[in-house]
Amino acid sequence: MHIDSRQLENNSLIEGDICIVGAGAAGISMAMEWIGTQHKVVLLEGGGFQYDEEMQELYAGKATGQNYFPLKSIRLHYFGGTTGHWAGWCASFDPIDFKKRDWIPQSGWPITLDDINPFYPRAQKYVEIDKDDFTLAHWLQKDPSLKPFPLDENKVWSKMWQISPPTRFGTTYKDQIINAKNVHLYTYANVVDITANEHVSEIKEVTVKNHAGKQHRVRAKHFILACCSVQTARLLLASNKQAKKGLGNDHDHVGRNFMEHLEIKTGSLWLADPADVKLYEMDFGKTKARAELAIGEKMQEKYKILNGTSSFSPLEIAADRPAFIEIWQNEEDALAKSLDKFESTKKNPTQLKIPKGFKAYELFTRMEQAPNPNSRITLDNEKDALGMPRASLHWELTMLEKNSLRDINKIIGHEVGRVSMGRVKIYDYLLDGKDESWPSFTGGGWHHMGTTRMSDDPKSGVTDLNCKVHGIANLHIAGAANFVTAGAVNPTLTLIALTIRLSDELKKKLASSKSGA
Ligand SMILES: Cc1cc2nc3c(=O)[nH]c(=O)nc-3n(C[C@H](O)[C@H](O)[C@H](O)COP(=O)(O)OP(=O)(O)OC[C@H]3O[C@@H](n4cnc5c(N)ncnc54)[C@H](O)[C@@H]3O)c2cc1C
């Protein structure tokens, strides 16, 4: 069922069993999990079914610190959320991503990969890559012509990625959501405030507003914030009527440890021709999967580095390709480009002098950043058109990131050299181990994680191992805001898996409260 909240009588009261705030990758996956149950699901989406400039403007905010994309253009504010222009690259996390690593401050999740693994196949369905798994063996069996580089797997291994069509959640799942009898989708229902009880131990209701000047209240047994890491933190911080520092923020963790994946060119790879690179080829739009060069756990431990993977594409094309961070600085321009997709940024190939008998590639490394409490979302003094303080992002990188990028490429270089496949030349900006500066092309992958990190101790995080906000019985977070560390790979598949896990937990909770257990 679909209701446009602008058409409701002002100050309406909406009630349900669960209330999901935000209909993007996380919110829609969660709602889909409840279709056909006996529970009434209220799905609140700030925007409508199309891109709307007035809605998008609510995302505008300041960005300080390390150069970043404009806040207004990093997420989409309508039904389907940022899947309206995501690229669809998916991979599963590695076991090491969940471990406490003594060289990475604040690493270590209260859960392990084994807790997430059962939910990956269900998550894969939502991004339409459900038939294949992520093991290299599976893909080699499927296509025996694929050949991994003959490297020592303990040092450099071939990690598989799969590419979603990419699924646009707002179109793919729209009919199923609005035809579901028990799912009540409210569009133009922008949540601006959360009201708790007197002891701040339970949420009573949320307030929604729209540009039509109407305001409504929504009550439910459980509330799930699925409005992306930046907006989730902003909403918790702005909901400060009963808790001065914001909801879930008794220990000052909400908004902190904002994490991105560094996505940056790091060197050139010169391979003796003919090198078989079919398994690693980035053939955007045609290939459904490809491998990247990943660093083994033991090597990460030995070098005390972050987890990352490197891909490569022909240097004559890559050398001339401008970095996204450099071309997306103007907000309007950035949005237009992101909606159009980024293929249009390719330029004419450079004429390179490549010695006979070699093929040259550019190494592009995607790497987690370490959790850093100074990288954070806070509230700005300026308010948006609905009266909510705007979000402000301060993004920081450290020498751990820079040294890790260098060592990842060094390890790859040693390995391809050892087996006489070729050589790696690391780019100059990484060579000086004391230089703290970052080049202008330093970018992120539009992956926002960690603003309400998970922890089994309320003093060191915001949510518990089931994504429930510590100390508040019926407030839950769906999405990458829960991530403790970022993993090497893009987050959407894992955030959907985590959301499905939360969904199962909530179903159990509702069943036990019904049976009085
Ligand atoms: C250009 C680009 C390329 C990307 N490519 C990839 C990729 O290849 N692989 C990958 O894994 N990830 C990729 N991502 C990231 C991916 O899009 C996000 O990880 C994913 O969309 C996050 O899902 P979400 O549900 O948390 O947030 P969103 O998808 O942003 O959804 C949040 C929803 O909440 C709504 N909302 C926000 N605030 C409120 C409020 N106060 N009240 C009500 N509703 C609200 C929004 O309108 C939106 O519908 C990419 C992102 C971008 C920008």
Task: Residue among 442, 494, 452 that alone is of a type outside the set (A, V, I, L, M, F, W, C) and closer than 18 Å to residue 233 by Cα - done: 452
Open item on the list: I'd like to check which strands (runs of 3 or more DSSP E) are fully inside the stretch 352-415 and have at least 2 residues that are among the acidic types (Asp, Glu).
Closed with: 358-368, 376-383
TODO: Of the conditions (1) outside any strand (DSSP E or B); (2) within 15 Å of the ligand (Cβ to nearest atom); (3) surrounded by fewer than 22 Cβ atoms within 10 Å (Cβ to Cβ), residue 244 clears all except one; give me its number.
DONE: (2)
Task: Of all residues in the stretch 5-26 being surrounded by fewer than 18 Cβ atoms within 10 Å (Cβ to Cβ) and part of a loop (DSSP other than H, G, I, E, B), the one that is farthest from the ligand (Cβ to nearest atom) - done: 9
Task: Output for the stretch 59-70, where each listed residue is under 18 Å from residue 84 (Cα atoms) and touching a His at 6+ places or on another chain (Cβ under 6 Å) - done: 59
TODO: Look at the stretch 170-187 and say how many of its residues are over 19 Å from residue 56 (Cα atoms), out of contact with any strand residue (DSSP E or B) (no Cβ under 6 Å at 6 or more places or on another chain) and within 15 Å of the ligand (Cβ to nearest atom).
DONE: 3
Open item on the list: Given the options 497, 488, name the one that is outside any helix (DSSP H, G or I) and open to solvent by less than 10 Å² (accessible area, probe 1.4 Å).
Closed with: 488
Task: Candidate set: the stretch 27-51, residues that are of a type in the set (A, V, I, L, M, F, W, C) and open to solvent by less than 10 Å² (accessible area, probe 1.4 Å); chosen: the one nearest to residue 498 (Cα to Cα) - done: 30
Open item on the list: Which of the numbered conditions does residue 338 fail, given that it passes all the others? Conditions: (1) of a type in the set (S, T, N, Q); (2) at pLDDT 65 or above; (3) within 18 Å of residue 261 (Cβ to Cβ).
Closed with: (2)
Open item on the list: Among the residues in the stretch 405-421, are any touching a helix residue (DSSP H, G or I) at 6+ places or on another chain (Cβ under 7 Å), among the charged types (D, E, K, R) and either at positive phi or crowded, with 20+ Cβ neighbours inside 10 Å (or both)?
Closed with: yes
Task: helices (runs of 4 or more DSSP H) (entirely within the stretch 36-153) containing at least 1 residues that are away from the ligand (no atom under 16 Å from the Cβ) - done: 113-116, 120-126, 136-142
Open item on the list: I'd like the full set of residues that are open to solvent by 20 Å² or more (accessible area, probe 1.4 Å), hydroxyl-bearing (Ser, Thr, Tyr) and closer than 21 Å to residue 292 by Cβ, limited to the stretch 130-184.
Closed with: 135, 145
- [ ] Determine the pairs where a residue that is small (Gly, Ala, Ser) and at pLDDT 95 or above, located within the stretch 373-391, has a partner that is open to solvent by less than 40 Å² (accessible area, probe 1.4 Å) and in a strand (DSSP E or B) with Cβ atoms under 9 Å apart, the partner being 6 or more residues away or on another chain.
- [x] 375/259; 375/393; 375/395; 387/192; 391/377; 391/380
Task: Flag for residue 167 being at pLDDT 95 or above, part of a loop (DSSP other than H, G, I, E, B) and within 16 Å of the ligand (Cβ to nearest atom) - done: yes
Open item on the list: Which count do you get for residues in the stretch 188-233 that are part of a loop (DSSP other than H, G, I, E, B) and within 9 Å of the ligand (Cβ to nearest atom)?
Closed with: 4
Open item on the list: For a quick check of your reading of the model, give me the residue pairs whose first member lies in the stretch 130-152 and is at pLDDT 95 or above, whose second is open to solvent by 50 Å² or more (accessible area, probe 1.4 Å) and of a type in the set (Val, Ile, Thr), with beta-carbon atoms closer than 6 Å and at least 6 apart or on different chains.
Closed with: none
Open item on the list: Against the condition over 30 Å from residue 237 (Cα atoms) and either surrounded by fewer than 21 Cβ atoms within 10 Å (Cβ to Cβ) or not acidic (Asp, Glu) (or both), how does residue 202 come out, does it pass?
Closed with: no
- [ ] Being closer than 16 Å to residue 18 by Cα and within 11 Å of the ligand (Cβ to nearest atom) is the filter here, so list the residues in the stretch 454-503 that pass it.
- [x] 477, 478, 499
Task: Qualifying positions in the stretch 249-261 - surrounded by 21 or more Cβ atoms within 10 Å (Cβ to Cβ) and over 21 Å from the mean Cα position of the chain (by Cα) - done: 249
TODO: Would you mention how many residues in the stretch 125-139 are touching a Leu at 6+ places or on another chain (Cβ under 7 Å) and under 24 Å from residue 96 (Cα atoms)?
DONE: 1
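The values are calculated or read from the model by the stated rules, or taken from the named source; none is laboratory data. Computed from a prediction, not measured in an experiment: that's the story for all the values here. Here Cβ is always computed from backbone atoms with ideal geometry, including for glycine, and neighbour counts include all displayed protein chains. The accessibility values were calculated without ligands, DNA or RNA, using every heavy atom of the protein model including side chains. Shrake-Rupley method; radii C 1.70, N 1.55, O 1.52, S 1.80 Å.
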